[in-house]
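The values are calculated or read from the model by the stated rules, or taken from the named source; none is laboratory data. Quick caveat, the model's predicted, so the values are computed rather than measured. Every residue, glycine among them, receives a Cβ derived from its backbone with ideal geometry; neighbour counts consider all protein chains shown. Just the protein is used for accessible areas: all its heavy atoms, side chains included, with ligands, DNA and RNA removed. Shrake-Rupley method; radii C 1.70, N 1.55, O 1.52, S 1.80 Å.
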Amino acid sequence: MNFSNFFSYIQETPWYFQFLSPVVDEIDNHTKLLDIGTGSGKLLQLAVSEKNVNAIGIDTNESMLKEATKKVQNTGIKLLKIEAADTYPFNDNSFDVITICNVLFNLNQQAVDHILTESVRLLKDQGRIIVLTPTGKGNFFTLTKSYFSLKNLSIYIWFYATRNRAGPWTDKKQLIAFSENHKLNYKQKIILKGFTQVETLTK
């Protein structure tokens, strides 16, 4: 099993559904959605199933996109491989919602700025950028008390693999500064017993 297969497996666990559900809740029915860093496609699968969106997923990883293809076949979702530094191949003001899940905290500042700047360009007026990241907060005992089951064992891997990068991302609060600089409205919601945050930027 390669990493893409393993990540796709993790996305089918109960805790990962709880991880993504608050993002899906923020998406209106029948909107046009772009998922940046779509990975193996679970968010797109849920968004189309629950909100009947018109969706496109982009990613730099071809192996991940192959996994996404399995999840979203026969849904009408489009998947596209991109290069990280390229301008995204869409017109200005094209999307109602742009989702960026479990991505930004892993990237350097230049890559973060590129994704966010492109997102603002592509967003329609009154549109929203929804960013989901781990907080890097919490501990083993809270995690066990809240989520322990044989089906959720991968949450421990996720927690320990992400917290060193997620903590500094949370502490920097850079989406607040980005929102102020680009005249966007900012909202934050802490979810998953404090282990995760959803940050929403509205144009």
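Assorted remarks:
- No other residue among Ile157, Ile176 is assigned to a helix (DSSP H, G or I) and within 30 Å of Lys124 (Cβ to Cβ) apart from Ile176.
- Being open to solvent by 70 Å² or more (accessible area, probe 1.4 Å) and free of Cβ contacts under 8 Å to residues at least 40 places away in the same chain is not true of Lys189.
- Filter pass, Gln197 being surrounded by 15 or more Cβ atoms within 10 Å (Cβ to Cβ) and either polar (S, T, N, Q) or at pLDDT below 95 (or both): yes
- Leading residue by the ranking (nearest to the chain's Cα centre (by Cα)) among those in segment 117-148 that are open to solvent by 40 Å² or more (accessible area, probe 1.4 Å) and more than 30 Å from Asp28 (Cα to Cα): Gly138
- Listed by position, the helices (runs of 4 or more DSSP H) enclosed by segment 1-103 that each have at least 2 residues that are within 26 Å of Lys193 (Cβ to Cβ) and open to solvent by 20 Å² or more (accessible area, probe 1.4 Å) are 3-10, 14-25, 42-51.
- Count of segment 104-116 residues which are open to solvent by 30 Å² or more (accessible area, probe 1.4 Å) and either in contact (Cβ under 8 Å) with a residue 40 or more places away in the chain or not hydrophobic (A, V, I, L, M, F, W, C) (or both): 6
- Of all residues in segment 119-132 being in contact (Cβ under 8 Å) with a residue 60 or more places away in the chain and not in a strand (DSSP E or B), the one that is nearest to Trp15 (Cα to Cα): Ser119
- Scan of segment 133-147 for residues that are out of contact with any Asp or Glu (no Cβ under 9 Å at 6 or more places or on another chain), more than 18 Å from Glu12 (Cβ to Cβ) and of a type outside the set (A, V, I, L, M), ordered by number: Pro134, Thr135, Lys137, Gly138, Asn139, Phe140, Phe141, Thr142, Thr144, Lys145, Ser146
- Within segment 179-199, tally of residues that are in contact with a Ser or Thr (Cβ under 6 Å, 6 or more places away or on another chain) and either assigned to a helix (DSSP H, G or I) or charged (D, E, K, R) (or both): 2
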